[in-house]
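One structure is given below, encoded as structure tokens.
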Amino acid sequence: MSTVGAESGGSRRYTLGDWNNRSSVRNKKTLYALPPAAEVQLQLRTKGWFPPSFIHYFAHPTIEQASEQTRHRLAANHLVYFLNYTTILEHKIVNRAVETLIHDELRIELPHAMKIAALQLYTDEGYHALFSYELAEQVARFYQMPPWDVPPKRIRLLLDLLDTASDESRPLLWFLVGFVSETIIAKELLDLTGDTLVSTVYQMFREHLEDEARHSRYFSEVFQYLWPRLSSTQQLASASHLIDIILVFSEVDEQWLAASLAGAGISAAEAEHVIQHIVAPQARARRARAGATTTLQAMKRAGFFEQQAHRELFSVAGLIDA
């Protein structure tokens, strides 16, 4: 069901499209339980925990030349980190962004269907946080991973950015964070499910993607609805914030990655070389631009780039061509 447009003529717009029958929290009964250890080991002969093509540092010669056991452990580390990050992102970031729509914090009149869909999306995200948390616990137990209690770098940076906003402008900034997050994560999960993964992990990502594809469309449409209703001052401030947010979602958590590499037996010198390779400014810019493809398309449809000032800002940031 297409969700593009405004409420008119009795048609349902700004919806999540047959949510009662399609949302994973409503119709899936999956437990996302790992098989017995012996079955997991058997699957790992031909499958992985996380697609190597999505783990940027797996292309580094040090990791390419590592043993299969080391690469499996690094991928498992990455999976657990990603799932724990997802739990926090969905629960503390995206759902807070959705609240700005549900509770009229933006002070812009919204269609009724948009608010209902926001409540449905809020429910989805709570479930995503739950199954991400539970699967992360299982994989961590499988490898007896030490706990990692430091909040993910991207979460810290997003919260720092939100703390700098005034009380008046913060609700809009929350929405923009949710918009970027949901349009980026859907693309990430699409990339994730293209590879051969351990069966439980694949199923979780596949069903998560089905929800997130609808969420991405929804946030894109809400952005298109809100953008022309913002003042020119709000639009210009939002343009700068959008760059900051997109760049945050391309950040590498160096502290966690150093610990992950060390735990898998990579020497400190080799680990430093791996990390420096992927945190280089050019590498970061490439990740940001590639990851934000859906976000930038939604902004273009909303007329964002019709303003020369906005195009210049994004060109200077390396997110679009000059």
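Considering the range 288-301, and only residues there that are small (Gly, Ala, Ser) and buried (at least 18 other Cβ atoms within 10 Å of the Cβ), the residue that is nearest to GLN235 (Cα to Cα) turns out to be ALA298.
Is it true that ALA117 is in contact with a Leu (Cβ under 6 Å, 6 or more places away or on another chain) and under 22 Å from VAL222 (Cβ atoms)? Please lay out each step first, then the result.
Numbers: in contact with a Leu (Cβ under 6 Å, 6 or more places away or on another chain): yes; under 22 Å from VAL222 (Cβ atoms): yes.
Against the criterion (in contact with a Leu (Cβ under 6 Å, 6 or more places away or on another chain) and under 22 Å from VAL222 (Cβ atoms)), ALA117 qualifies.
When you look at ILE102, is it among the β-branched types (Val, Ile, Thr), free of Cβ contacts under 8 Å to residues at least 60 places away in the same chain and within 30 Å of TYR14 (Cβ to Cβ), yes or no? So ILE102 fits the description; yes. What are the residues in the range 232-274 that are among the charged types (D, E, K, R) and touching a Phe, Trp or Tyr at 6+ places or on another chain (Cβ under 9 Å), if any? Result: ASP253, single match.
Somewhere in the range 130-144, is a residue of a type in the set (D, E, K, R), in a loop (DSSP other than H, G, I, E, B) and either at negative phi or touching a residue at least 40 places away in the same chain (Cβ under 8 Å) (or both)? Please lay out each step first, then the result.
Filtering the range 130-144 for residues of a type in the set (D, E, K, R) gives 134, 137, 141.
Add one more test, that the residue is in a loop (DSSP other than H, G, I, E, B), and what stays is none.
Scanning the range 130-144, I find no residue that is of a type in the set (D, E, K, R), in a loop (DSSP other than H, G, I, E, B) and either at negative phi or touching a residue at least 40 places away in the same chain (Cβ under 8 Å) (or both), so the answer is no.
Return a yes/no flag: does the range 100-108 have any residue that is in contact with an Asp or Glu (Cβ under 8 Å, 6 or more places away or on another chain) and either over 26 Å from LYS29 (Cα atoms) or not in a helix (DSSP H, G or I) (or both). Checked against the condition, which is being in contact with an Asp or Glu (Cβ under 8 Å, 6 or more places away or on another chain) and either over 26 Å from LYS29 (Cα atoms) or not in a helix (DSSP H, G or I) (or both), the range 100-108 yields at least one hit. Taken together, LEU189, LEU209 contain a single residue that is in a helix (DSSP H, G or I), in contact with a Phe, Trp or Tyr (Cβ under 9 Å, 6 or more places away or on another chain), among the hydrophobic types (A, V, I, L, M, F, W, C) and modelled with pLDDT under 95, which is LEU189.
If you scan the range 265-279, which residues turn out to be part of a loop (DSSP other than H, G, I, E, B) and either of a type in the set (Asp, Glu) or exposed (fewer than 15 other Cβ atoms within 10 Å of the Cβ) (or both)? I'd like the intermediate steps shown before the answer.
Applying the first criterion (part of a loop (DSSP other than H, G, I, E, B)) to the range 265-279 yields 265-267.
Listed by number, the residues that qualify are GLY265, SER267.
Of the residues TYR218, TYR225, which is among the aromatic types (Phe, Trp, Tyr), in a helix (DSSP H, G or I), under 18 Å from the mean Cα position of the chain (by Cα) and modelled with pLDDT of 95 or more? Break it down into steps so the answer makes sense when it comes.
On the way: TYR225 fails: under 18 Å from the mean Cα position of the chain (by Cα).
Step by step, each of TYR218, TYR225 is checked, and only TYR218 is among the aromatic types (Phe, Trp, Tyr), in a helix (DSSP H, G or I), under 18 Å from the mean Cα position of the chain (by Cα) and modelled with pLDDT of 95 or more.
When each of ALA285, ALA262 is tested for being among the hydrophobic types (A, V, I, L, M, F, W, C), part of a helix (DSSP H, G or I), without any contact (Cβ under 8 Å) to a residue 12 or more places away in the chain and surrounded by fewer than 16 Cβ atoms within 10 Å (Cβ to Cβ), the lone residue that passes is ALA262. Condition first: more than 26 Å from ARG22 (Cβ to Cβ) and surrounded by 17 or more Cβ atoms within 10 Å (Cβ to Cβ). Can you find one or more residues in the range 89-107 that meet it? So far as the range 89-107 goes, yes, one or more of its residues are more than 26 Å from ARG22 (Cβ to Cβ) and surrounded by 17 or more Cβ atoms within 10 Å (Cβ to Cβ).
I'm checking my understanding of the structure. Among residues of the range 303-322 that are touching a residue at least 40 places away in the same chain (Cβ under 8 Å) and surrounded by fewer than 17 Cβ atoms within 10 Å (Cβ to Cβ), which one is nearest to ARG214 (Cα to Cα)? If you could, list the steps in order and put the result at the bottom.
At the first step, the residues of the range 303-322 found to be touching a residue at least 40 places away in the same chain (Cβ under 8 Å) are 303-304, 307, 309-310, 313-314, 317, 319.
Narrowing further to those that are surrounded by fewer than 17 Cβ atoms within 10 Å (Cβ to Cβ): 303, 307, 309.
Numbers: GLY303: 22, GLN307: 28, ALA309: 31 Å.
Among those that are touching a residue at least 40 places away in the same chain (Cβ under 8 Å) and surrounded by fewer than 17 Cβ atoms within 10 Å (Cβ to Cβ), it is GLY303.
Suppose the filter is assigned to a helix (DSSP H, G or I) and touching a residue at least 60 places away in the same chain (Cβ under 8 Å); does GLN255 pass it? Considered against the rule, which asks whether it is assigned to a helix (DSSP H, G or I) and touching a residue at least 60 places away in the same chain (Cβ under 8 Å), GLN255 comes out as yes. Within the range 112-129, the residues that satisfy the criterion of being more than 18 Å from the chain's Cα centre (by Cα) and either surrounded by fewer than 17 Cβ atoms within 10 Å (Cβ to Cβ) or free of Cβ contacts under 8 Å to residues at least 40 places away in the same chain (or both) are HIS112, LYS115, ILE116, LEU119.
Being closer than 24 Å to ARG229 by Cα and assigned to a helix (DSSP H, G or I) is a property that holds for ALA298.
The values are calculated or read from the model by the stated rules, or taken from the named source; none is laboratory data. Predicted model only: the values in this text are computed from it and were never measured. With ideal geometry, Cβ positions are generated from the backbone for all residues, glycine too; neighbour counts draw on all protein chains shown.
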